[in-house]
Amino acid sequence: MHNNRTTITQYIIEEQRHVAGATGDFSGLLNDVVTACKVISNMVNHGALVGVLGSAGQENVQGETQKKLDVLSNDVFLKSNEWAGHLAAMASEEMEAIYPIPARYPRGKYLLTFDPLDGSSNIDVNVSVGTIFSILRRPDDAAEPTEQDFLQPGTEQVAAGYALYGPSTMMVLTTGNGVNGFTLDQNIGEFILTHPGMTIPAETREFAINASNMRFWEPPVRRYVDECLAGREGERGEDFNMRWIASMVAEVHRILTRGGVFMYPMDEKIRAKGQGGKLRLLYEANPMSFIVEQAGGAAITGRERIMSLQPEALHQRVPVILGSRNEIERIQGYHRES
Ligand SMILES: O=P(O)(O)OC[C@H]1O[C@](O)(COP(=O)(O)O)[C@@H](O)[C@@H]1O
Ligand SMILES: [Mg+2]
Ligand SMILES: [Mg+2]
């Protein structure tokens, strides 16, 4: 079916046949998302040449300093996806409220959530960043879109994906029918299927966590990491490797490629701030959990499956522990025991 030059456009049209009730709207929407990511990729690639690095001099709703590229990427996503009539509304990590499609455009049956630029602390140092997105169905076609419409568990996602702006630009997608990876051919401006049927090995000897938070960790996380660090002489009887890119997209992509565990767990510092975690449920945790599960991995908060959570707020944050299935089950076991 897929030849060695399958384009993402061909793939999206084929994929639409697997999504129940999908019409041309679904493929049209995915194509617009792909276009937005190409535009962002182009800006990221040109960096300082086009003056897009540095701070925008303002904070977002998350209380984080926005980079110029956070703001520009957010704008690209809004402009690329608002006009075609596929969407009723969008929600972004960078915007306080939902963005109903303006009255001058037709409204459609889907909702789009996105983190326009993930890992933005890496932009100025020229390390990989990305875009994460998720597509939901609008619960009620007739009514004015509301924040409540977006508060659907991750299991309701119709599609999710990310673009990775690394040494090459890649797009990784799931519509609930496995995970496929595409590489942007800059010469023709099209993503080509290069990583069909991506799967995460169940076993791994590599983990990723921001170890500067170690003193705040909860006992099950501390236990898991301690055992990994003890290596061959310890409980696990094997040496482990560690990575921390501080760009969830790059981290998840590594795990999809060679396995591993990624953790941004609950800790005492996060709890003291009154937050439920560091990463955002609707823009980061749910889409990445969908992709990871579709690739045979697992994604939990510690005790529960992330995709089963009933979201309570648009910008809700959750603990995230995801990756190779056997390790995630082990970490979940440690949480149950503690
Ligand atoms: O700086 P820290 O605490 O290590 O956090 C890194 C994490 O924060 C994030 O950058 C959050 O994403 P944003 O850049 O979109 O805010 C994740 O991608 C990454 O895993
Ligand atoms: Mg992010
Ligand atoms: Mg972001």
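Read-outs: derived from the displayed coordinates by stated rules, not from any lab. The model shown is predicted, which means the values in this text are computed figures rather than measured ones. Here Cβ is always computed from backbone atoms with ideal geometry, including for glycine, and neighbour counts include all displayed protein chains.
Compute a Gaussian network model of the chain, connecting alpha carbons closer than 10 Å, and tell me which residue from GLU238, GLU15, GLU251 fluctuates the most.
GLU238
Which peptide among 49-61, 133-145 comes first, and what is the full order, when sorted by highest mean count of other Cβ atoms within 10 Å?
The peptides rank, most packed first, as 133-145, 49-61.
Work out the length of the dipole vector of the chain about its Cα centre, built from +1 on the beta-carbon of each Lys and Arg and -1 on the beta-carbon of each Asp and Glu, and round it to the nearest 20 debye.
Charge dipole, the chain, about its Cα centre: 280 debye, nearest 20.
Report P(r) for the chain: all Cα-Cα distances, bin width 20 Å, range 0 to the bin holding the largest distance, values in whole percent.
With 20 Å bins starting at 0, P(r) equals 32, 59, 9, 0.
Quick one: length gained pulling GLU337 to THR194 fully straight, 0.36 nm per residue minus the C-alpha distance?
47.3 nm
Residue by residue through segment 162-172, what is 3J(HN,Hα) from phi via Karplus (6.51 cos²θ - 1.76 cosθ + 1.60, θ = phi - 60°)? Round to whole Hz and write x for glycine and proline.
Coupling constants for segment 162-172: 9, 10, 10, 9, x, x, 10, 8, 10, 10, 10 Hz.
Tell me, what HN-Hα J-couplings in whole Hz come from the Karplus equation 6.51 cos²θ - 1.76 cosθ + 1.60 at θ = phi - 60° for each residue of segment 234-244, using x for Gly and Pro?
x, 3, 7, x, 8, 7, 10, 10, 10, 9, 8
Using the Kirkwood formula on the Cα atoms of segment 206-337, what hydrodynamic radius do you get, in angstrom to one decimal?
14.8 Å
In nm, what is the difference between 0.36 nm times the number of residues separating LEU229 and MET242 and their Cα-Cα distance?
Length gained, LEU229 through MET242: 3.8 nm.
Just from its helices, what would the mean residue ellipticity at 222 nm be for the chain, if runs of 4 or more DSSP H residues each count -39500 (n - 2.57) and the sum is divided by every residue, rounded to the nearest 500 deg cm²/dmol?
Result for the chain: -9000 deg cm²/dmol, rounded to the nearest 500.
Sort PHE216, PHE240, PHE290 so the one with the fewest other Cβ atoms within 10 Å of its own Cβ comes first.
Ordered from fewest to most neighbouring Cβ atoms within 10 Å, PHE216, PHE240, PHE290 come out as PHE216, PHE240, PHE290.
Listing PHE262, PHE114 from the residue with the fewest other Cβ atoms within 10 Å to the one with the most, what is the order?
PHE262, PHE114
Considering only DSSP beta bridges where both residues belong to segment 124-280, give the percentage that are antiparallel (nearest 5).
So the antiparallel bridges amount to about 85 percent of the total.
How much of the DSSP beta bridge set in segment 199-327 is antiparallel, as a percent to the nearest 5?
Bridges in segment 199-327 are about 70 percent antiparallel.
Whole-Hz Karplus ³J(HN,Hα) for segment 312-325, in order, using 6.51 cos²θ - 1.76 cosθ + 1.60 and θ = phi - 60°, x for Gly and Pro?
After applying 6.51 cos²θ - 1.76 cosθ + 1.60, I find 10, 8, 4, 9, 3, 10, 9, x, 10, 9, 9, x, 4, 4 Hz.
Quick one: TYR165, TYR110, fewest Cβ neighbours within 10 Å first, how do they rank?
TYR110, TYR165
How many nm is it between the label spots at ARG5 and LYS273, if each spot is 7 Å from the Cα in line with the beta carbon?
Label-label distance for ARG5 and LYS273, simple model: 4.8 nm.
What length, rounded to one decimal in nm, is gained on full extension from GLN148 through to ALA211, with 0.36 nm per residue of separation minus their alpha-carbon distance?
Result: 19.1 nm gained on full extension.
May I ask for the angle, rounded to the nearest 10°, between helix 24-46 and the longest principal axis of the chain, with both axes built from Cα atoms and the value confined to 0 to 90°?
For 24-46 against the chain, the angle is about 70 degrees.
Given R₀ = 22 Å, what would the calculated FRET efficiency be for VAL39 paired with ASP141, taking r from the Cβ atoms and rounding to 0.05?
Calculated transfer efficiency: 0.15.
Measuring from label point to label point, each 7 Å out along Cα→Cβ, what is the VAL50 to ASN126 span in nm?
1.8 nm
Summing +1 for each Lys or Arg and -1 for each Asp or Glu, what net charge is found among the other residues whose Cβ lies under 11 Å from the Cβ of ALA208?
That works out to 0.
Pick from LEU78, LEU112, LEU322: which residue has the top mean-square fluctuation in a GNM of the chain where Cα pairs under 10 Å get a spring?
The residue with the greatest mean-square fluctuation here is LEU78.
Using the basic label-point model (7 angstrom from Cα toward the beta carbon), what is the ARG330 to GLU203 distance in nanometres?
1.1 nm
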